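Since the structure comes first, as structure tokens, the remarks are kept for the end.
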Amino acid sequence: MNAVEPGLDLATAPVSRETEKGRHTTTNARLIPLSFGGYVVDTPGMRQFQLWDVAPEEVVNYFRDLRPYVNGCRFPNCTHTHESHCAVKDAVADGRLDERRYENYLRLRAGEME
């Protein structure tokens, strides 16, 4: 966020090598306004994120980086989880899509997120 919004000067810490997750640097939640519009919420200690009122088949619409591949799937109702000829899974296998983003998609679609 410091790179996106100059002047924030938020405390930072290196990502853990063991877990590949961020480390806590703040102690209270706060809403931070951005100069170009919108807000970001600093939520220390939050390790879980979950969507509600979103059907599993709609989750892909919230992943901009997956969208360009969706229409390349053989089946129009492809869930991008197990089907053959899935352009999303092919893009992950070819390195065009980040595997961690795809794994996040799978977890959100399944209704679980850490």
Of those in the stretch 18-33 that are in a loop (DSSP other than H, G, I, E, B) and over 20 Å from Asn104 (Cβ atoms), the residue most open to solvent (accessible area, probe 1.4 Å) is Thr27
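So that you can scan it fast, the table gives a plain yes or no per residue for (1) farther than 29 Å from Val92 by Cβ; (2) modelled with pLDDT under 90:
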residue	(1), (2)
Val4	no, yes
Gly7	yes, yes
Glu20	no, yes
Thr25	yes, yes
Ile32	yes, yes
Ser35	yes, no
Pro44	yes, yes
Arg67	no, no
Val70	no, no
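The values are calculated or read from the model by the stated rules, or taken from the named source; none is laboratory data. Predicted, not measured: the structure shown is a model, and the values here were computed from it. Counting neighbours? That spans all protein chains shown, and the Cβs are built from the backbone with ideal geometry, glycine included. Ligands, DNA and RNA are excluded from the accessible area calculation, which covers all protein heavy atoms including side chains. Shrake-Rupley method; radii C 1.70, N 1.55, O 1.52, S 1.80 Å.
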